[in-house]
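Let me begin by presenting the structure, written as C-alpha cells, before commenting on it.
The values are calculated or read from the model by the stated rules, or taken from the named source; none is laboratory data. All values derive from a computational prediction rather than experimental measurement. Methodologically, a virtual Cβ is constructed for each residue, glycine included, from the backbone with ideal geometry; neighbour enumeration extends over all protein chains shown. What goes into the accessible areas is simple: the full protein's heavy atoms, side chains included, and nothing from ligands, DNA or RNA. Shrake-Rupley method; radii C 1.70, N 1.55, O 1.52, S 1.80 Å.
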Amino acid sequence: QVQLVESGGGLVQPGESLKLSCAASGRIFSIYDMDWYRQAPGNQRELVAHITRGGSTTYVDSVKGRFTISRDNAKNTLYLQMNNLKPEDTAVYYCHAFITSPVVTGMSAYWGRGTQVTVSS
C-alpha cells in the first residue's frame, strides 16, 4: 500500500512561518505531480500549490510570494514553506500525489490525512 503522511502543522501568530512536510511510503514505482490543498471550516477544499516531477510550480494567487512548494524525489517527500502567515491561511492542509505502484495498475491519486495550521494572535 501507499501512504502519504503530513507533518509540521501547528499554531502560529500572524507573520510567522511554518514548513509542512509530506512523506510518501510503501510500494512506490514513481511519484508524478504533487500538490498541497487546504480546507477551512465551511469551505471547499482548494488547491494551494502544485509541483511537477521536474520541479515546475504553480500557486493560488492568495499565497504567491509567501508560500514555496518543493520536493525531494530521492526521499519521496513534498514540502510547503509558508512565510508571513495570515489568519485566512488557517485550514487543514492536505498532501496529494499521483503515484504508480506495483500493487495498482496505472497511476492512482493518493491523499494524506491532513495537518492543521492555525494562524491566530
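Taking the criterion of being under 15 Å from ILE99 (Cα atoms), open to solvent by 60 Å² or more (accessible area, probe 1.4 Å) and touching a strand residue (DSSP E or B) at 6+ places or on another chain (Cβ under 9 Å), the only residue of the range 37-55 that qualifies is ARG53. Modelled with pLDDT of 95 or more, touching a strand residue (DSSP E or B) at 6+ places or on another chain (Cβ under 9 Å) and under 20 Å from GLN116 (Cα atoms), is that true of TYR79? Yes: the conditions hold for TYR79.
If you filter the range 85-104 down to residues that are open to solvent by less than 60 Å² (accessible area, probe 1.4 Å) and not aliphatic (A, V, I, L, M), you find that the one that is farthest from TRP36 (Cα to Cα) is SER101. Considering MET82, MET107, MET34, the condition of being open to solvent by 20 Å² or more (accessible area, probe 1.4 Å) and among the hydrophobic types (A, V, I, L, M, F, W, C) is satisfied by MET107 alone. Consider the range 1-31 and keep the residues that are touching a Phe, Trp or Tyr at 6+ places or on another chain (Cβ under 7 Å) and open to solvent by less than 50 Å² (accessible area, probe 1.4 Å). The one that is modelled with the lowest pLDDT is VAL2. Of the strands (runs of 3 or more DSSP E) lying entirely inside the range 81-121, the ones with 3 or more residues being within 10 Å of the chain's Cα centre (by Cα) are found at 91-101.
Selection of first residues in the range 103-119 that are farther than 30 Å from ASN83 by Cβ and modelled with pLDDT under 95 and of second residues that are open to solvent by 30 Å² or more (accessible area, probe 1.4 Å) and of a type in the set (D, E, K, R), restricted to Cβ pairs under 6 Å at least 6 apart or on distinct chains, gives the following pairs, ordered by first then second residue: VAL103/ARG27. Scanning the range 56-76 for residues that are more than 15 Å from TYR37 (Cβ to Cβ) and either among the aliphatic types (A, V, I, L, M) or crowded, with 18+ Cβ neighbours inside 10 Å (or both) yields ARG71, ALA74, ASN76.
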